[in-house]
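Please treat every number below as a calculation from the coordinates, not as lab data. It should be emphasised that the depicted structure is a prediction, and the values quoted were computed from it without experimental measurement.
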Amino acid sequence: MTPALRLFLVIIGLSAAGLMLGYLLLNYPPDEYFYFPCIFHVTTGLHCPGCGSTRAISSFMKGEIAMGMKNNLLILLWGPYLLYRGIQSLRSWIDGEPKRIWEPPKKYIIVFLLLTGLYTLLRNLPIDALRDLLSPAIQ
């Protein structure tokens, strides 16, 4: 498969996925319609680091930045890095050769993981002020 064909397939695939996701999140907001629940939350009653991500993305797409941050503040930490990794992986596939993907220094990864753990811990403590601040807007 040529790089041009791979690029065409990526453009078509991302366009279709973006249109479908955009239509879904804008016309069927997660706070009004059923989406697959978080298995961790269903089984433990606790919020995982990703709980509220769908609602946060939906809020960001509507320009509701404060509500998006309320639903999952961690997206601001992990989102840009994961987006970068996804783009670099697609570039590698399109070109048919591995690309050098920047890896943050180990100390930054440790800080990211510690912040993720702290965020998860704080949003699940039985303190109303913390739960109101860090838990997703709609359970």
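Data table
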read-out	value
Angle in degrees between helix 3-27 and the longest Cα principal axis of the chain, rounded to the nearest 10	30 degrees
Cα-based Kirkwood hydrodynamic radius, the stretch 3-134, one decimal, Å	17.1 Å
Mean Cα-pair separation over length for the chain, i.e. relative contact order, pairs under 8 Å, 6 or more apart, %	27 percent
Candidates Thr120, Thr44, Thr54, ranked by Gaussian network fluctuation over the chain, Cα under 10 Å, top entry	Thr44
Potential extension, Leu83-Tyr108 segment - 0.36 nm per residue separation minus Cα distance	7.3 nm
Extension gain from Leu14 to Ser92, taking 0.36 nm per residue of separation minus the Cα-Cα distance	26.5 nm
For the chain, calculated [θ]222 nm from helices alone, where every DSSP H run of n ≥ 4 adds -39500 (n - 2.57)	-21500 deg cm²/dmol
